[in-house]
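Where a number appears in this text, it was derived from the coordinates with a stated rule and is not lab data. If you're wondering where the values come from, they're calculated on a predicted model, not measured in any experiment. Note that we place each Cβ from the backbone using ideal geometry, even for glycine, and neighbour counts take in every protein chain shown.
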Amino acid sequence: MAFTKLSVSLLALAGSVLAADLQPIEMKGSKLFYKNGTQFYMKGVAYQQDTAAAGATNDKTSKFVDPLSDEDRCKRDVPLLQELGTNTIRTYAINPDADHSGCMKLLQAAGIYVISDLGEPSLSINRDDPHWNTDLFSRYQKVVDELGQYSNVIGFFAGNEVSNNKTNTGASAYVKAAVRDTKAYIKNKKNSRWMGVGYAANDDADIRQEIADYFNCGTVEDSIDFWGYNIYSWCGQSSMAKSGYSDQIKFFQDYSVPVFFAEYGCNLPDGAAARVFQETEALYGDDMTKVFSGGIVYMYFQEANDYGLVEVKDEKATKLKDFDALKQQVTKASPKPVDRNSYNPSGKLQTCPAISATWKANSVLPPAPDSSLCDCMVKSRSCVQKSGLDSTKYGAMFGFICGAAPEICTAINGNSSTGVYGAYSMCSDSAKLDYVLDAYYNKHNKAAASCDFKCQANVQKGASDSSCDSKLAKASDINKQVATATAPVGSAKSTSTGDSFAAPGATMARAFSVGDYTIGLYMLVAVFAGAGMVALGSEEEGPCPMPCNLQQAPTKPRRFEPRSPSQAKTLSRTKPATLLSTLRRVARMADSKSTQPKENEAETTQPDGDQGRKGNVRGQVQYMAAASHNTENTTQELRLKATSKLLALLEKTPQHGHDLPQARRRPCATATQPHDVNTYGVLPHPPARQNSSRTQLCDNSYPSSGQQRAVLSRSTQTMPPGPAPGGVAASMGRRQSFVLASKAFALQWIALNWADCLCMLVVAGFSSGIYYSPVLVTRTFPITFNGSGDIIYPQWAYPYRGRIIPSWLSGLVSIGGPIAIYIVAQVRIKSAWDASNAIMGSTWAVLLASLFQVVVKQFVGGFRPYFLAVCMPDVSRAGAHNGTGLNGVGFQQVMYTTEVCTQTDAMKLKTAITSFPSGHSTAAFAGFGFLFLWMNAKLKVWADYKPAFWKLALLMLPLLLAIMIACSLTIDAAHNWYDIVAGSIIGAVMAVASYRTSYAAVWDWRFNHLPLRQSEAFLYSAEGDVDYAAHTFTRSVGWGKKREWLPERLDSARSSAVFVRRNGVFPDGRGQGSGDGGQGGAQRRVLAEDEAV
């Protein structure tokens, strides 16, 4: 402590005497020199506490501590820096409005120079949304003005790792423009000395050559003064070859400006305490000093990332173990300098890289910020933002205007790939907003509503200034050219057009990608986009009326409104569902009022002429009425009244009033011979009551191949042939009947399914929202290195190869494939309700499976095998990016979070950390699992007979396709095996659950092919021995063929069957006729299924 106080006193004394005598640093070629001509080598330490490097974030809530504005802290730290042998410190952010004289004098007295970043966390060039504008330039100028007054300032960094991989190289154009303009500003200052402006880059193999060439190409005025390299490849005990230092020497040997390590000091594998700084000895050795001008160790303060040399607690600094290790290496370092006069630079400017897949920065740079031009433009506008408008409102206003009239925004946007920049692209966001507001106002002929924006804009009288006229005219000419330009204005050479214009303050969304997909997402995105376009109109901020251009269209009246009784009566004449409802009411009224039948009621004789009527609804009702002749009078009167009402409706209904088209019904025939009692009708009747009189037969059922499954071997009886209707009238009748039937089906489908469709959209939207929301959990992963600095943890180190089966193709196959099969199969099955149930059920399965998997992804997640390739971790970021406090934790401090990732594509990084479960597998097994169950039911593979081998093989095809889609994810390293298994289980469970809600059974071969209806309860059996044969694709052993005992409508069959059974007509299906032709068996097998279009 006594030594520290003595050091501070001596420093203060020296500062008062020698501060002006510290020689400024100058540049010649690729080397730095003291003013006296001696070569200067940096022996530096990064000196900044609790802040991110400028450029790494653009979070306006970020705070930073100016390390040079607190003289007391400098008195504490400068002696320790001097003890380390430090001659340079690097700061990442300072407050240009603060007083730095105290610290700068202490540093000057200690012989310590300063190099500082120009930006700060909330005001810097951001790699994800880069701009170079008047606000940024003003900040940079203030930093230069503040620090430039001290002779121990070497220079400034215009950016730090702004372009850190091949996905964000376009941002380099804006950084280089900042270099150009800051250099010009320093040069134009009065009594100015040399202060360099450079760039600090990370070492990314994909863009190493391009980015180094880019910042050192073109003219001297545009290129950097020095190149800082943030490099951490030498970890622990290594060598020049293993660390890649020897390659770096070769790479920069012809560079025309000084190169130094702006950050170095790997803390792996055992943390900062184990750092031996072996690389420091190499850095100041003979080989490295020929090319490099020293380096800066990261960093002075010990923080969560574990890179510190000193730990500060309660404003007291304690030296750590690696402090002494660095001190020892720096003390030993004795580089051999060259004399300035004898040094002849051999380096030269590089060739600018061409636009390519990995490089998107054009050599044509953004325009220099000109605040006077921006001020002139704002003063000349008629429609501007309201005074004091919160900048958080800018995004919505930019989004609306640039979305509605994108041509307006070309004047304020820039494209670093093409080198095309609007004349006002260098203005502040506030000035840009005034420009687009006025342009939008003029586009709409200065309508008052077009300059309102919910009281956020107003009209002013544009001021005319002769000094502005020429500037504004020139800017207008540039903007006219920019509106259609695909190459730099005035250049004949076209370059790549990789980037899109993006409105400032409102990041444009990427082209939609389904990812692990969700049904209906495109529709929802469109809805949300439309909502965003009118977002301004939804805010309540004062009494101003909502502008007309932002008003929503009036709500369209509902298509289905409640009908009056007269309308309902009219509808009943053409809508079969109303007739069927009446039938159900008849049965319910009869059931509720009936009494137990007498034994002799079984002998009731059917009236003459009813033989042929039993095949249709009217005949059934007449038969029911006659069968109840011997019941109590009140019951009989009730039944006859209900029957009369039903017959009155039937008289007004077209002849074939069911929902089957005319072309599919057998024509009426004139029967002159007796027929089997159960050949044409639905209900059995007593034998020996045959009638040979002429009876008109209008059977609405299909021909049958037998009476029941138990007697399939019996010879089947068919309808006697009759003359088929023909001619134009008959054809028109069939078409009219089909149109009416189709319309009735459509209306009934909508009435039954609209709520389900709405719920499906809600689920799809909810799934989409979850999928695109930030991950809510924080996972840690280990990063371990060997001596060469390579990652050796292989589980997540596979290369990123993309997808063998893209997400969109997987979704199309898993959803569209089964749906196409359901539709095509109806050529044989001929049931619109079956197709509807299959399509809706399959969609339910995929939707619910998608919901499950995105929720699990969000709350569980997991790393994909290619995670590290996407993340591109840089452990040096752990200190500056440690909001979770989980970086550098765990055993040997090898666990980190995604905060150390350098990947800038947020969606790509999120995808890499949400591996569990597999979305491809989930959807594949949901869609194809449902198809598997449907095919088994329709082909009757697992049923009551041995199927053909081709049916079994065909049945396995959906499972094969699902497995192929799922397993392809292991080939392209997109998923771990357990992700695939979990996704497959989720999909399969949802397929089974959805199938059971759509069909009468899953595995029960008697019923699993029959579609269920929302409005009807399925009648499985009158006595538990029902066996249905319709609605199958196969025709084997009698399946799929319409039987005599198959009713045309579920309603009529079920109601009449219940009526007869409960009222004693053929009680229990036995008695009369039980031994003749199986009529009793047929009674037990009365169907409860719906035959539709």
**Per-pair calculated FRET efficiency, R0 = 45 Å: Tyr945 and Ala354 via Cβ, rounded to 0.05** = 0.05
**Asked** Hey, rough spin-label estimate for Lys290 and Thr38, points 7 angstrom out along Cα→Cβ, what's it come to in nanometres?
**Response** 2.5
**Message:** At 0.36 nm per residue, and after removing the present C-alpha to C-alpha distance, how many nm does the segment from Ser742 to Asp905 gain when stretched out fully?
**Reply:** 53.6 nm
**Message:** Beyond a 18 Å Cα-Cα separation, which of these cross-linked pairs lie in this structure: Lys31/Lys189; Lys166/Lys908; Lys290/Lys327; Lys830/Lys938; Lys379/Lys471?
**Reply:** Lys31/Lys189; Lys290/Lys327
**Request:** Mind putting a number on the dipole of segment 371-437 about its Cα centre? Charges go on the C-beta only, +1 for Lys and Arg and -1 for Asp and Glu, and I need it in Debye to the nearest 20.
**Result:** 120
**Asked** Order of Met840, Met956 from fewest to most other C-beta atoms within 10 Å?
**Response** Met956, Met840
**Asked** Per the Cauchy relation, a quarter of the hull surface: what is the mean projected area of the convex hull of the alpha carbons in segment 314-383, in nm²?
**Response** 15.5
**Fill in**
Between Asn445 and Asp99, Cβ-based FRET efficiency (R0 45 Å, step 0.05) works out to 0.25
**Message:** How much length would be gained if the chain were fully extended between Thr392 and Gln253, taking 0.36 nm per residue of separation minus their Cα-Cα distance, in nm to one decimal?
**Reply:** 45.2 nm
**Request:** Read phi for every residue in segment 805-815 and hand back ³J(HN,Hα) as whole Hz from Karplus 6.51 cos²θ - 1.76 cosθ + 1.60, θ = phi - 60°, with x for Gly and Pro.
**Result:** 10, x, 4, 5, 6, 4, x, 4, 5, 5, 9
**Prompt:** What is the distance, in nm, between label points placed 7 Å from the Cα along the Cα-to-Cβ direction at Val777 and at Thr219?
**Reply:** 5.7
**Message:** Suppose the chain between Lys63 and Arg828 were pulled fully straight at 0.36 nm per residue; how much longer would it get relative to their current alpha carbon spacing?
**Reply:** 268.3 nm
**Prompt:** If packing is taken as the mean number of other Cβ atoms within 10 Å per residue, what is the order of 418-431, 751-764, highest first?
**Reply:** 418-431, 751-764
**Asked** If you add up the charges near Ala93, with Lys and Arg at +1 and Asp and Glu at -1, over every other residue whose beta carbon is less than 9 angstrom from its beta carbon, what do you get?
**Response** -3
**Item:** Relative exposure of Leu437, Leu955, Leu776, judged by other C-beta atoms within 10 Å (fewest first)
**Value:** Leu776, Leu955, Leu437
**Asked** Can you sort Asp225, Asp97 by how many other beta carbons sit within 10 Å, fewest first?
**Response** Asp97, Asp225
**Asked** Got a sec? Charge dipole of segment 305-380, +1 on Cβ for Lys and Arg, -1 for Asp and Glu; which of Pro366, Gln329, Tyr307 is way out at the positive end?
**Response** Gln329
**Message:** Once you keep just the Cα pairs under 8 angstrom separated by 6 or more residues, what percentage relative contact order results for segment 761-998?
**Reply:** 29
**Request:** Measure out, as a whole number of angstrom, how far apart the alpha-carbon centroids of segment 930-948 and segment 815-863 sit.
**Result:** 19
**Request:** Report the local net charge at Phe930: Lys and Arg +1, Asp and Glu -1, summed over other residues whose C-beta lies under 15 Å from its C-beta.
**Result:** +1
**Message:** Quick check on packing: order 934-946, 984-996, 340-352 by the mean number of other C-beta atoms within 10 Å, highest mean leading.
**Reply:** 984-996, 934-946, 340-352
**Message:** I want to check the label-to-label distance for Gln237 and Ala404. Put each point 7 Å from Cα in the C-beta direction and report it in nm to one decimal.
**Reply:** 7.1
**Item:** Estimated FRET transfer efficiency (Ser476, Lys190; beta-carbon r; R0 35 Å; 0.05)
**Value:** 0.50
**Fill in**
Output ordering of 110-117, 926-933, 30-37 (per-residue mean of other Cβ within 10 Å, highest first) is 926-933, 110-117, 30-37
**Asked** How big is the charge dipole of segment 761-998 about its Cα centre, in debye rounded to the nearest 20, if each Lys and Arg gets +1 on its Cβ and each Asp and Glu gets -1 on its Cβ?
**Response** 720
